[in-house]
Amino acid sequence: MTIKQLRAFLAVAQTLSFTQACERLHLSQPALSLAIKGLEETLGGPLLIRSTRSVRLTPEGETLLPLAKRLLADWDNAEELLRQRFTLQLGRVALAAMPSIACNRLPRALRRFRLRFPRVNVTVHDVINEQVIDMVRQRQVELGIAFEPETREGIDFLPLFDDTFVAVLPPDSPLAEAESVDWKALLAHDFITLQRPSMVRILLEQALARQQSELPVAFESHQLATVGRMVASGLGVSAVPSLCREQMHELGARCVPLYEPQIRRTVGIVLGAGQELSIAARALHEVLQTTLCESSPT
């Protein structure tokens, strides 16, 4: 049973005229008759009784009529829905991003995407770096933005830019006026940072461990915004990826370059290994790639 056969049957059943059905479908009478015959052979019996003056439905034809209407309506709706998705007139895509990206660089990219594809819905999962990787691996989201993972099992990673950490200081700190700050000077003050298992916290601890030093934490929080506000209030100092610089300034803190050691990590797009992206995800991937690179910190 084919869509063409169902359309032919529905046209004849609704008009009770082969001539009118041919006009509606733009078919010749032999082609229409052939479609009806093929449908009847497939189903195993006659659906129409045709005389020289009239056409009427058999009981089986009466049974098929409402079913054919529903099947064709479902087919047309599915066809239109997929057409809209393939042309990005409609769609949905899920993205996971670590907070340092989600709060700072991502909104600009999403705004550009929304202007181009206003009917595509984007769900953003603002989660720690490790969860970004896990959500992509488990196919909970199609795209992720994160630091380069140590292992790429089950994922592909597209590097976008390298990010270096900066010192975050109270606005009235003498260090806030310096061109740069080393870790020795920074750790002379109470240190505020994110709680484990944040990748920011892990990178800080790993970098200091290589210098045979520990991270002396006075205050810790789950949120970057809280860390920034604490620093701005004079509770201590911190260190964050430089892509958070704008956010820290908005919270009232000051940022300066940090060295000895300098912490550098690659930020990129995370994809499921071998995963075929939806049309909407491909479009968002393209926008993220161009916009986040444009926004990369210097």
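The values are calculated or read from the model by the stated rules, or taken from the named source; none is laboratory data. Values in this document were obtained by computation on a predicted structure and should not be read as measured data. Neighbour counts are summed over all protein chains in view; Cβ atoms, including those assigned to glycine, are modelled from backbone coordinates with ideal geometry. Side chains included, ligands, DNA and RNA excluded: accessible areas come from the protein's heavy atoms. Shrake-Rupley method; radii C 1.70, N 1.55, O 1.52, S 1.80 Å.
Here are some notes:
- Normalised by residue count, region 132-238 yields a Cα convex hull volume of 125 Å³ per residue.
- Cα-projected label distance for Arg264 with Phe219, points at 7 Å along beta-carbon direction, nm: 3.2
- Based on the convex hull around the alpha carbon atoms, region 2-77 presents an average projected area of 4.7 nm².
- Computed E for Arg111/Arg50 - FRET, C-beta separation, R0 51 angstrom, nearest 0.05: 0.25
- Take the Cα of Arg210, step 7 Å toward its Cβ, do the same at Lys37, and the gap between the two points is 8.0 nm.
- FRET efficiency for Ala73 and Cys293, using Cβ-Cβ distance with R0 set to 51 Å, rounded to 0.05: 0.65
- Share of carbon and sulfur in the accessible area of the chain stands at 51%, probe radius 1.4 Å.
- Listed by chain and number, the lysines placed with their C-alpha closer than 18 angstrom to that of Lys37 are Lys4; residues fewer than eight positions away on the same chain are left out.
- The Cα-based radius of gyration of the chain, divided by its Kirkwood radius, gives an Rg/Rh of 1.33.
- For Thr123 and Thr63, the difference between the fully extended length at 0.36 nm per residue and the C-alpha to C-alpha distance is 17.2 nm.
- Neighbour-limited loop hits for trypsin sites (Lys or Arg not before Pro), region 1-61 (at most 16 other Cβ within 10 Å; DSSP other than H, G, I, E, B): Arg53
- FRET efficiency for Ala188 and Ala273, using Cβ-Cβ distance with R0 set to 45 Å, rounded to 0.05: 0.50
- Region 82-155: proportion of alpha-carbon pairs further apart than 21 angstrom, %: 32
- Mean separation of Cα pairs under 8 Å and 6 or more residues apart, divided by the residue count, gives the chain a relative contact order of 22 percent.
- Taking the C-alpha atoms only, the angle from helix 29-43 to the longest principal axis of the chain is near 80 degrees.
- A 1.4 Å probe run over the protein chains yields, for the chain, 52 Å² of accessible area per residue, whole-number rounding.
- DSSP loop GluC sites (Glu not before Pro) with at most 10 other Cβ within 10 Å: longest gap in the chain: 1-149
- Percent of Cα-Cα distances greater than 14 Å, calculated over region 217-298: 71
- Note on the chain: helix-only mean residue ellipticity at 222 nm, from DSSP H runs of 4+ residues weighted -39500 (n - 2.57) and normalised by residue number, equals -13500 deg cm²/dmol.
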